[in-house]
Structure formats: C-alpha cells, structure tokens
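Scroll down for the structure; my scribbles are underneath it.
The values are calculated or read from the model by the stated rules, or taken from the named source; none is laboratory data. Because the structure is a prediction, the values reported are computed rather than measured. Cβ atoms come from the backbone with ideal geometry, glycine included; neighbour counts cover every protein chain shown.
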Number of protein chains: 4
Amino acid sequence: MTKITILIHCKDKPNIIASITNFIANKGGNIVYIDQYVDREQDIFFMRLESEFEAESFITTDFKACFKTELAETFKMKWRIYSSEKKPKMALFISKYDHCLYDLLGRYNSGELNLEIPFIISNHRDLEHIAKNFNIPFYHIPVTKDTKKEAENKQLELLEAHKVDFIVLARYMQIISDNMISKYPNKIINIHHSFLPAFVGAKPYHSAYKRGVKIIGATSHYVTEELDAGPIIEQDVTRVSHTHAISDLIAKGRDLEKVVLANAVKLHANRKVMVYNNKTVIFT
Amino acid sequence: MTKITILIHCKDKPNIIASITNFIANKGGNIVYIDQYVDREQDIFFMRLESEFEAESFITTDFKACFKTELAETFKMKWRIYSSEKKPKMALFISKYDHCLYDLLGRYNSGELNLEIPFIISNHRDLEHIAKNFNIPFYHIPVTKDTKKEAENKQLELLEAHKVDFIVLARYMQIISDNMISKYPNKIINIHHSFLPAFVGAKPYHSAYKRGVKIIGATSHYVTEELDAGPIIEQDVTRVSHTHAISDLIAKGRDLEKVVLANAVKLHANRKVMVYNNKTVIFT
Amino acid sequence: MTKITILIHCKDKPNIIASITNFIANKGGNIVYIDQYVDREQDIFFMRLESEFEAESFITTDFKACFKTELAETFKMKWRIYSSEKKPKMALFISKYDHCLYDLLGRYNSGELNLEIPFIISNHRDLEHIAKNFNIPFYHIPVTKDTKKEAENKQLELLEAHKVDFIVLARYMQIISDNMISKYPNKIINIHHSFLPAFVGAKPYHSAYKRGVKIIGATSHYVTEELDAGPIIEQDVTRVSHTHAISDLIAKGRDLEKVVLANAVKLHANRKVMVYNNKTVIFT
Amino acid sequence: MTKITILIHCKDKPNIIASITNFIANKGGNIVYIDQYVDREQDIFFMRLESEFEAESFITTDFKACFKTELAETFKMKWRIYSSEKKPKMALFISKYDHCLYDLLGRYNSGELNLEIPFIISNHRDLEHIAKNFNIPFYHIPVTKDTKKEAENKQLELLEAHKVDFIVLARYMQIISDNMISKYPNKIINIHHSFLPAFVGAKPYHSAYKRGVKIIGATSHYVTEELDAGPIIEQDVTRVSHTHAISDLIAKGRDLEKVVLANAVKLHANRKVMVYNNKTVIFT
C-alpha cells in the first residue's frame, strides 16, 4: 500500500469535507486519518488527511495532477501532498552547545524520528566528535562578519546538493539571513530558550532571573525575518524559585530545550504542522 | 440551522469515512466538524461529526431513521445522534463538601456549562443554602443503611420525572447501587481524589501521605460496578513535598478536584466522550 | 505559647545565623522553623524564623525593642516581627468578574485562609449579592475620571478605619494611584491574566491568541508604580492549542487566575514573602 | 575554606537549632545554609546545614568526634557529615536501554553532576560503545539464573575496590538481591517507568494503556526489599490521550525517565535527601 498525507487550507465553504472524501474514494483510496479545523475568525478551513492506495495502481504525480484540477482549483486550496515512502531530510546546524545535539541524535538512533539527517553543519569544531560517533557527515563552516555571505553560500550548496527538506537550528546561535529564510519558508526550526514572547533576543535566562519569574520556558518556532517572532510550534515550562541562580536556570532550561525542540521536529517531520497568519495549526 | 452531533463506533472497514460524509451531503447537511480515531489493536473505528442542516426541512427523527437503515446497519455501528437545541440535563448529587458544588454552580452561572441543572440531591442539609443562593431546587434524601433502597427509589423518581441525562457525584461520598448504574450506564460521573489507579477507595490523601509521593492527583471517571475502576475521563496532578501535612494535601487536592470534575462535565455535556473497553475516546 | 514570626534581610556577614538563634534562645524562645537564603550576586542574607515563647512572660513590644538594639542595629537588618495571634486583615477590591471572588470567599469560609476580610470594595454593584451571601460588608465606591481622587479618599478612609494590612485586587480592573501604592508598599496584590512579562497591559488573552502561544498563564504580583512590573509572587500556566478561541482562553484562564491569586494571598497572609530588588524570596 | 554538610534527624526537642548553631559557631564555623523540618505526626526533627571553616585549622575527623560527643549523643541524633572536597562516587548499572545512559553521561560531561563515575556495569555488551565514547571503564558482567550469585560477587568486588558511594540503576532491568541492598541501604537509586504506586512491577506502560489513564509518570526511588516500594525521591508526569499507542507511551516515558532519574541523582549527590519511615525529606 502507498500512504499519502494531504494538508489543505482554504476559505471555508460548504461541502468541502464531503468533496475531499469523495475525491479520495473515487480514486480508490481508503481514508485512515482525517482531522480538520475551521478558524471562525478568519473563516479558514484546515485539513489533514491520510489515505491508503493500492501501491501497483497508484502514481503520486498523477494523483497530484488530478487533485489540483478536480479539487484544489475549485476551492482555491493551498495544499501539500506527501508520500510516506519518502522520509524528510533534516539538516542540523549547531555551534558549541551539545545537549540538543545529543538528544536529537539519541532519538534518531533509537528510531524515534521519522527522518534522515544527511549532515551536520557547525561554525565550530567543538562537537565534531559527536557527529563522528553517530556516523553523520560533519561540515565545519566558520562564520565571521566578513565571511558571513560566503559561509551562507556553502551552506546553501550543501542544502541543495542533499535536497534537504528542513533545517533545525539546535542552539546554532547565529542569525539566519533573509535570503536563506526565503528559500526555506516555515522550514527552519529554531529553539529559543525562553517562554516566548517573554524574553526575546539574547540571554533570556539572565532576563528571567532579573525579572524574578517563577516559571521558565522554551519555545520552538519557525524562523522568520523578525527575530524570535515566527510561528510557535511547541512550548514547555518548568517551575523555578528564588533559590535558583542563573546557572541553575540554564541547567533546568537545557532539559526543556531538548524536549521542546525534539517535539517540534517530530511534528514537522510527520507533516502535522500547518502555518497560517504567523500561527501554527497542529494536528495530533 | 439545526446542528447535529453524531458519535459512532464500529469495526474498522474501508470507506467508512467516505460513506458517512456522502450520507451527510446527500441529506443536505454541511459538515462543520469531523474527528476520527482508529484503535489499531482492537481494530475499532470511532468518529465524532457535527453537521448543519436547514432548520425548516430537517426532522431529527427522520434523519435518525435514515441514518439507521442506510448507514448504521451496513457497518454495524453503535451510534448516538444529538440535536444541539436540546441541552443535556445534569443532576447533582452532593453531601457535605462544598468546593466542587461552588465551582460547578459558578461556572453554570457564568454560562460556561452547556447544560441544565434541574435539581440537586443531598443526603445532608448542610449545603442547602448554596442551592438556594443559586436558585436550584434542592432535595434532601437522607441515606442510612436501612433506608438505602427507599432513598434510591426517591432519587430514581426525581431523575425520571425530570428526564435527567446524566448524574454528577460532586463528592457525594455514597456507593451507587448496581441497579442505578445499570439505568445510567456511562452517565454517572464521579470525582475521585487521587491519581487513579493509585489509591483506590477511602482516604486517598492519607494513603498518598503515607507513601510519600511527590505528586498528588484527582481523577474523574464514569461509575461502574467495580469501585473507582470505571473509564477515566480526565485527570490532573500537582506537586507536593515532605513539608505538606495531610491537611495540606486535602487543601491542594480540592483545587484539583474542582477543575478535573468541571472539565469532565464539560466534555460529557458537549458529547465529546465515547466509551469502549472501559476506556474513553475523547474528541476535543 | 506565643508564636512569633521574624523576617529579616541584610548584607550577608559571618555568624548571622548563630547570633540570631542565640538571641532567641537567650530570650527563652524555642525555634520551631528556620529557613534562610543568601543571594550570592547581591550578597544579601534573608531569613524567616518562627519561635515559641511562654505566653505569660512574653511581651511582644519588649521583644521587638530588644531585637532592635541587640541584633538588628548590629547587622543593619531590615526586619518585621509578627505575632501569630493577630490575623492579617485583607481588603478585597473587585469589579464585575466573580470567579476570583467566589474562589477566595469559598476558601475563606472553609478556613483555608489565615486572615480576616473586614470588607469588600467595588466600583460596581454587580457582585454585591455575593458579598451579602458570605456576610461580608460591601462598599460601592464608583470610579469615574472625575471622581477618581474622591473615590480613592473613601477607599483610604475605609482601609485606615479597619486597620487593613493588605489589599487584594481580585480582577479590580482599575489603575491604583501612586499615592495609594506608596501607602501600601508591597501590600497590594494583583492578579494579571498572563504569564508576565509576556502580554503586559490590557487584553492579554487577545494578545496570546494573536501570537499563537501554546501555553497561557496567570501571574500574581505586588503592585508597583510601573504597570504589571511589580515583584512576582506566583505564576501558573496551562496548555492551549489552535482549537481554542479567545473565549476558550478566557475560560481556561479563569481557572488559573483563581488558583494563582489564592496561592499568592496565602503566601502573603502567612508572612512567607520577602521583597528585594523587585523580586520575591518565598519561604515555604 | 573547607565546606561541611551536616544531615541530622532525631526526636524533636526544644533548643536543638540553637544548640547546633552554637556548636558550629564555637568551632569557628560560619553557617552558609540551614534548612530544617519537623514531622509533627512523628515528632521528628530533620536538619541540613552547610558550614565553612578555615581550611588550615580544620580537621574533619576531629570535628566529627566533637560533634558526636558534644551534640549527637545529647540529642540522640542520627547524623552524617560530608566534606565538600570529596565528590561522591556513583556506579552505573545498565542493560540495553540507552536513553538514561546518554542523558546522565551528557550531564556528567557538561559538569552538571557533582560526582565521579568510576565505572559502568552491564549484563549486556550492547552499550559498551557509549561507555567508551565517554571514556568510562565498562565491565560486562552477564547475569543468568545460575550465575546470579557469582555476578553479584563480581559487582560487589568492583564497588568495594572503587569505594563507590551509591549505585544508579539506569534501566538495569534486574532484581537486586537483599544482600546487596543491605550493603547499600538508601544508596541504590532506581528509575521506575510509572507513577508509583500505580503500576508496580513489569510492563507499566502496557498497564497504563490498558487502564486508559490520561497522564503517565516516572518515579525514582531508593531500592528496598519490597519491589518498587522504596522511598520516593522524585516523580514527574506527562499528559497522554487515547491516540497514544503503547509505543507512544514508551517514547514519551523515556523523556520522563531521563529527567526524573537525573534529578534524583543530583539530589542524592548533593546530599539533599534524608530517609525516614520509608519516605524522603528533601532539602532544596
């Protein structure tokens, strides 16, 4: 069997659901998962649907073409169709912090992540040994003020050469250029070490300490041109008290960052995230 | 417009979703909400669907009859269909604790609960004044060993006279007879003051204290013949430490009990709960 | 026995703890609780201590005088000493929302709160009936642009006449003047319906909805001149998703607000909160 | 400076705190941390105290001797005194699951753990490569029904040869004998993959799935003769729903197990845990 995942959004109209389910049935598919949501304020319809087809008679490109002319154009849908055979390819961008890297590679090794990691890029060599231990190609691309553009070109070359589907910034600590963002829209996942929108920008644990909050958080979001303001995929929090020094917040925060980033990666890799109006619709 | 909510479960088969959505479309309905789940272990299909029809041409009894012959019998479905016009009627059984009562009546007053409360029954008069303040009929039905059967008959009379849809035991503290349970299957909601299945039975906070747990909980479940073993609707927990005496656990637990019970009541009243194999499927 | 609670902070120095425990022992007291914390960044020592004395031989004013000359002046301490006999008096300021009011009065009635409520002030009459049900004097003091100063004078008269110790703004929805804040420094407790410092100011649930956060929160803090920027006493959060409309956030938020405010009130009333550098040190 | 940590418990009596603080002051120590708790039900006093002494004039053995005769005997204290110079030595027992191992070694590498790991013991060779990557000696000691006693002797030899202070069972999956437990009382830390006391024994995620709980947990506790019934050090939980298969519970549980075990290890290594009546008192 071939399994197809369809993500749709469009203006809400009567009979959308029946039209889609009919279309699938007519093409010989069996719907195994359907979830839908309507944003009543914006009047936008969202749907995620998984459907199974007999493998021998099913050709993905033909299906997409039919879907486009018979359904998508009628309802003016934005749509994406994925075949389950093709695992998404994720590039990891890292710097000097190893906790998110160990966590993601541990999950990757255990089979928890439905994706491939063609390579890791870092602006430092500090974590190269970890990439080696996990047998993943490592590219050291230093970034300085003067070489920023050149470094980005090398990154883009690698991304294109490996047909990377999405990028994960696992505490990469560098600003991504608007050029790269425009090439990977809603496909660059960052982990920010605060409960956004509180404590945007650098040193959020220091700011949290200064403000005396009783709870700290971490936020995973898609990178957009505005810093730390992209669509939020996942957040989590943990309690702290006056007894926690900044170093304690950093240590407790690491546990949050790992799990929040991993959850965001899983949601994205499993095609469960749709973006609209700088917000995410997440079908679980 | 008339809004219909349909809950279905049956053996999983190909084309169920398409058949249902087609049926709705053929009857002139517009699906506004659809959610579905398949238990892959048991191979059971579950669905919750909301659909809108032109009010003038729609007759609920006719629709149900068609649904039964054209769809339900083919797929051997268990099904329930609700019209949104009719709010469910909830009877409140209470005893001497007031926290869940105040909480539910406060939400009822604020319009947060989509239901009607025709009356409150208690085996004590202690909280009668609260029922009065909220203008809800209060029936004092004492329960002793000797009068248990007689008391239940009075309760059943009231329940039937008011066509009550479901019963909420807001810390009622009395065992419900198998007879009454059989008359209201998966329609009696209890709040148990522990994180079930830990600490079944009486005095769970005392047991939690003795065991030295670091987290306590509350559980709302449907009442079945086995004590505290019915399908779980909602649970929540909170942290405790060695510094908390039993009285502290009881006080912290009250906050859990209120919110957990209220959430379970809302899920049930909004027809979002299905029961299968002593477990709940909850469509949110 | 007379029970005394002492709160101290001062520059950290060697032998502070021994000096204090010695002082208590010399006065015939038995220490039943001691907790201490040192802010290593600021080098500030904080302590909370409970001590019991024979009631007949103990005179609080004498003890305070000795404490001042023998201890506090030596270490240049900021200090407060409370006798457990005197329950703190809390004034409630409310407006039109009833959830925090019901919650606090329910806890008050159940004996959960170690305080007295001499009266409730509101700028509207909507909730007067609740105050009556709980037998608490209710003062209707309307606030308009023109009468703001006059209204505040009435409020201050009542506060002084009843020797009120602290004020709780249970969704009072009015800005407190700098004049009143200066008369009750770190003695006015507010509940803000967001996870501060995110979403300062009006309509935080609307802002949270717009930003697409996956977790919402509530924050109780002392009122200072800068809006929503005072020392945080307590915070809590709950998960939300794209399916929650603004009205859902508001309903879920009510449950947070109630518990967070109640916890802050209990901490303050039990003299467990110290304020320093716009942050709280909380001894539990 | 030499830093000493003292843990005490004894029958509660007047003037204990003053006696202890006086003793420290007389020996020339400066108390930098003090925390205490009284179990009012059992009338037991607990204290944790950190104190600094001039290194040149301080001899730990002398101090202990004085403490014993001048203080401990008078109050019939159970006591432990640790010098901060000596990091505790932790032996890791593992089997085939790598998530807790990676997590603990990652924290160890980052300097988050205040301890030494002299070696790792496993009954399988599967994770030997991880021990090597982190440069920690690995001993493969197979355990079968027939070799159980012999294997234990090898384990005990290693433990004694390296003067191991405590043992962590990082999903070791073998029953520890009463003999070994008696040699390391309250010094063997286990991670159980459920919210104890719910789901004692094997396959707790399967039981949680069957019961239909809405929250799963993990528990770290000291190993005692009764299975999964020892003093609880730390617990944490996470939400699940009907959509989660057993494999999902296992994956979500891994994240809990890692953090709960790491927190328990940190509390123990920092000498913040006292055990009494099969419960823990934890000073944070």
For the range A:247-263, enumerate the residues that are of a type outside the set (A, V, I, L, M) and within 21 Å of A:Y209 (Cβ to Cβ).
A:S247, A:D248, A:K252, A:G253, A:R254, A:D255, A:E257, A:K258
Of the residues in the range B:230-284, those that are assigned to a helix (DSSP H, G or I), within 12 Å of chain D (Cβ to nearest Cβ) and surrounded by 23 or more Cβ atoms within 10 Å (Cβ to Cβ) come to B:V260, B:A264
For the range C:52-95, enumerate the residues that are in contact with a Leu (Cβ under 6 Å, 6 or more places away or on another chain) and either among the aromatic types (F, W, Y) or free of Cβ contacts under 8 Å to residues at least 24 places away in the same chain (or both).
C:F93
Confirm whether A:S110 is closer than 30 Å to B:I44 by Cβ and more than 18 Å from the chain's Cα centre (by Cα).
yes
May I ask you to verify whether D:N186 is modelled with pLDDT of 95 or more, within 20 Å of the chain's Cα centre (by Cα) and surrounded by fewer than 22 Cβ atoms within 10 Å (Cβ to Cβ)?
yes
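Can you report the number of residues in the range A:66-83 which are assigned to a loop (DSSP other than H, G, I, E, B) and either outside the structural domain of A:L49 (by TED's automatic domain parsing) or surrounded by 15 or more Cβ atoms within 10 Å (Cβ to Cβ) (or both)?
Residues in the range A:66-83 being assigned to a loop (DSSP other than H, G, I, E, B) and either outside the structural domain of A:L49 (by TED's automatic domain parsing) or surrounded by 15 or more Cβ atoms within 10 Å (Cβ to Cβ) (or both): 1 in total.
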Being more than 9 Å from chain D (Cβ to nearest Cβ) and either under 22 Å from the mean Cα position of the chain (by Cα) or modelled with pLDDT of 95 or more (or both) is the requirement here; does C:I59 meet it?
no
Among the listed residues D:S110, D:S19, identify the single one that is more than 14 Å from chain C (Cβ to nearest Cβ) and surrounded by fewer than 19 Cβ atoms within 10 Å (Cβ to Cβ).
D:S110
Taking A:F134, is it surrounded by 16 or more Cβ atoms within 10 Å (Cβ to Cβ), modelled with pLDDT of 95 or more and either assigned by TED's automatic domain parsing to the domain that holds A:K96 or in contact with a Lys or Arg (Cβ under 6 Å, 6 or more places away or on another chain) (or both)?
no
For the range B:120-154, which residues satisfy the criterion of being within 28 Å of C:G106 (Cα to Cα) and of a type in the set (S, T, N, Q)?
B:S122, B:N123, B:N133, B:N135
Just one listed residue, out of D:I117, D:I121, is closer than 30 Å to D:I8 by Cα, hydrophobic (A, V, I, L, M, F, W, C) and either in the same structural domain as D:L261 (by TED's automatic domain parsing) or surrounded by fewer than 21 Cβ atoms within 10 Å (Cβ to Cβ) (or both), and it is D:I117
With A:E150, A:E160, A:E73 as the choices, which residue is under 24 Å from the mean Cα position of the chain (by Cα) and among the acidic types (D, E)?
A:E160
Kindly indicate which of C:M180, C:M173 is at pLDDT below 95 and more than 10 Å from chain A (Cβ to nearest Cβ).
C:M173
Going through the range D:24-51 in order, the residues found to be in contact (Cβ under 8 Å) with a residue 40 or more places away in the chain and either part of a strand (DSSP E or B) or within 9 Å of chain C (Cβ to nearest Cβ) (or both) are D:D35, D:Y37, D:D39, D:I44, D:F46, D:M47, D:R48, D:L49, D:E50, D:S51
Given (1) surrounded by 20 or more Cβ atoms within 10 Å (Cβ to Cβ); (2) touching a Ser or Thr at 6+ places or on another chain (Cβ under 8 Å), where does A:Y102 come up short, assuming only one miss?
(2)
When the range C:232-255 is examined, which residues are found to be among the hydroxyl-bearing types (S, T, Y) and in contact (Cβ under 8 Å) with a residue 24 or more places away in the chain?
C:S241
Of (1) of a type outside the set (A, V, I, L, M, F, W, C); (2) more than 13 Å from chain A (Cβ to nearest Cβ); (3) in contact with a Gly (Cβ under 8 Å, 6 or more places away or on another chain); (4) closer than 26 Å to A:M47 by Cα, B:K11 fails just (3)
Tell me, which strands (runs of 3 or more DSSP E) lie completely within the range A:96-210 with 1 or more residues that are among the aliphatic types (A, V, I, L, M) and touching a residue at least 40 places away in the same chain (Cβ under 8 Å)?
A:166-169, A:188-192
Per the filter on the range C:211-220, residues buried (at least 24 other Cβ atoms within 10 Å of the Cβ) and over 21 Å from B:T238 (Cα atoms) are C:V213
Looking only at the range C:211-229, which residues are facing chain A (nearest Cβ under 10 Å), under 22 Å from C:I176 (Cβ atoms) and either over 21 Å from the mean Cα position of the chain (by Cα) or part of a loop (DSSP other than H, G, I, E, B) (or both)?
C:A229
Condition broken by D:K203, with the remaining ones in (1) basic (K, R); (2) within 11 Å of another protein chain (Cβ to nearest Cβ); (3) under 23 Å from D:K96 (Cβ atoms); (4) surrounded by fewer than 19 Cβ atoms within 10 Å (Cβ to Cβ) satisfied
(2)
